[in-house]
Amino acid sequence: MKSGIKIFAGTSGKIFAGRMCRYLGIDVGKTGVITFSDGNTYVRIEENVSDEEIYLVQPIGLNPNNEFVELLFWMDAFKRAGARYVTVIIPYFSYAKGDKKDESNVSIRAKVCAECIELAGADRVIMMDLHAAQIQGFFKKPVDHLLARPLLVKYLETIISKDTVVVSPDAGFAKNARKYAAMLGVPLAIGDKTRSTHDENAEIMEIIGEVSGKDAVIVDDFSLSGGSIVEIASLLKKKGAKKIYACLSHLPLSEKGVAAIGKSDIDLVISTDSITNDRVKTATKIKIISVAPLFAEVVKRMQNRQEISDLLHNIPPEVFRAATEYL
């Protein structure tokens with residue numbers, strides 16, 4: 001007999017799992033993690049999970065190598081403890097950036113990670129806003145790909161003016177940016193961005209579209225250094241834009257990135273808690289909205305064998321209320 005929803009957390013997922021459990025009115029499962037002096041990681045499940053359906057939360061974010069290896073150990077531990085079905089929840093998957101072989105002699109890192117996660121014992125994976133949606137195809141097991149966009153749009157509707165334009169930082173994100181624009185009912189502009197090396201710096205050459213006299217919302221999936229959004233914000237201001245917002249699904253932002261945003265023409269950055277990033281906690285120009293209630297609602301519906309596809313387009317009022325209250 002199933003005893004209800006059981007949600008556990010790896011080291012990087014403790015805060016996120018706590019917010020999920022708060023929404024569901026349950027406690028986070030008991031676990032223990034030890035990191036030995038030589039860097040080895042030891043994980044232990046501290047309650048019975050035999051024949052249970054388990055959810056394990058572990059973002060792969062600011063310390064991706066250690067977080068990924070710990071995730072594999074958790075999968076193995078749950079299977080060896082007799083768990084019937086294990087779903088791994090990865091709100092942010094850092095290695096999603098390694099989605100293709102675009103030059104010789106390189107690894108397709110996202111593919112390697114997908115195979116390892118499945119071999120370690122995952123029966124299902126829940127992720128959000130992958131850098132490339134086709135990464136779902138790297139897995140043979142089911143993948144539920146959630147979107148932060150409906151939640152972020154719902155928040156944007158409470159702060160933007162009617163005279164607003166959505167701005168994609170480059171042509172590669174234009175398709176997603178167009179969806180933001182359609183949901184908000186505003187026009188779209190596109191930045192002409194070039195990147196000549198593998199570093200975190202890109203150059204914005206031009207803005208395609210009318211932005212003068214309008215508020216602007218720059219949309220992207222993530223930012224590490226803040227470079228692209230800071231640069232495009234500067235260009236938007238020169239082009240006559242008024243208030244400038246940036247809306248990002250994930251925020252693995254560095255300390256230099258936080259400082260750069262603080263000094264930039266950006267009025268506010270809106271993102272999610274898919275990563276627990278202490279660097280952004282005191283930043284006055286950054287607003288974090290919790291997607292933990294969205295993941296919790298997905299888990300609840302899965303347990304009740306209900307459809308989850310509508311959550312890709314519409315956010316229930318209780319989820320939005322929790323998303324803005326949990327932080």
Worksheet entry | Other-chain or far-sequence residues with amide H under 5 Å of THR31's (modelled H) | GLU46
Worksheet, complete the sentence: Taking N as the residue count of the chain, its alpha carbon Rg divided by 2.2 N^0.38 Å gives 1.01
Worksheet item: Residue by residue, what Karplus-based ³J(HN,Hα) values in Hz, rounded to whole numbers, does segment 287-296 have, using 6.51, -1.76 and 1.60 with θ = phi - 60° and x for Gly and Pro?
Response: 10, 9, 10, 7, 9, 4, x, 5, 5, 5
Worksheet item: What net charge do the residues around VAL211 carry, taking every other residue with its C-beta under 11 Å from that of VAL211, with Lys and Arg at +1 and Asp and Glu at -1?
Response: +2
Discussion item. Over 22 Å apart: what share of the alpha carbon pairs of segment 150-288 falls there, rounded to a whole percent?
Written reply: 30 percent
Worksheet, complete the sentence: Output for segment 1-56: trypsin sites (Lys or Arg not before Pro) sitting in coil per DSSP, at most 15 other Cβ within 10 Å, listed by number, reads LYS2, LYS30
Worksheet entry | ASP38-GLU255 pseudo-label distance in nm [points 7 Å out on the Cα-to-Cβ vector] | 3.1 nm
Worksheet entry | Rounded FRET efficiency, nearest 0.05, which uses the C-beta distance separating ASN48 from THR284 and R0 of 56 Å | 0.75
Worksheet item: Whole-Hz Karplus ³J(HN,Hα) for segment 81-94, in order, using 6.51 cos²θ - 1.76 cosθ + 1.60 and θ = phi - 60°, x for Gly and Pro?
Response: 8, x, 4, 6, 8, 10, 10, 9, 9, 10, x, 10, 10, 4
Worksheet item: Which one of LEU24, LEU130, LEU248 has the biggest mean-square fluctuation once the chain is modelled by GNM with Cα springs under 10 Å?
Response: LEU24
Worksheet item: What pairs from LYS256/LYS287; LYS6/LYS79; LYS175/LYS238; LYS101/LYS256; LYS14/LYS79; LYS100/LYS285 go past 23 Å between their alpha carbons?
Response: LYS175/LYS238; LYS101/LYS256; LYS100/LYS285
Response to the item:
The answer for trypsin sites (Lys or Arg not before Pro) in segment 229-327 that fall in a DSSP coil and have at most 13 neighbouring Cβ atoms within 10 Å is LYS263, LYS281, ARG305
Worksheet, complete the sentence: Rounded to whole angstrom, the alpha-carbon centroid of segment 127-156 lies from that of segment 1-73 at a distance of 21 Å
Discussion item. Run lengths n ≥ 4 of DSSP H only: what is the helix-derived mean residue ellipticity at 222 nm for the chain, with -39500 (n - 2.57) per run over all residues, to the nearest 500?
Written reply: -9500 deg cm²/dmol
Worksheet item: By count of other Cβ within 10 Å, fewest leading, how are HIS250, HIS145, HIS313, HIS131 ordered?
Response: HIS313, HIS145, HIS131, HIS250
Practice prompt. Taking amide H positions as placed in the peptide plane 1.01 Å from N, state which residues far from ILE89 in sequence (5 or more) or on other chains have amide H under 5 Å from it.
Written response: LEU56, VAL57, GLN58, ILE126
Worksheet item: Using r as the Cβ-Cβ distance of VAL106 and ALA171, and R0 as 22 Å, what FRET efficiency do you calculate, to the nearest 0.05?
Response: 0.45
Worksheet, complete the sentence: When the chain is treated as a Gaussian network with springs between alpha carbons less than 10 Å apart, the largest mean-square fluctuation among GLY82, GLY240, GLY39 is found at GLY39
Response to the item:
Any residue on another chain or 5+ positions along whose placed amide H is under 5 Å from the amide H of LEU146 is listed here as MET127, MET128, ASP129
Worksheet entry | Neighbourhood net charge (14 Å Cβ-Cβ; Lys/Arg +1, Asp/Glu -1) for LEU184 | +3
Discussion item. Spelling out what I want: for every residue of segment 32-37, take phi, set θ = phi - 60°, compute 6.51 cos²θ - 1.76 cosθ + 1.60 (Karplus), and round to whole Hz; glycine and proline get x.
Written reply: x, 10, 10, 10, 6, 4
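Computed from the coordinates by the stated procedures, all read-outs in this text should not be read as laboratory data. Every value quoted in this text rests on a predicted model; they were computed, and no experiment measured them. Using ideal geometry, Cβ is built from the backbone for each residue, glycine included, and neighbour counts are taken over all protein chains shown.
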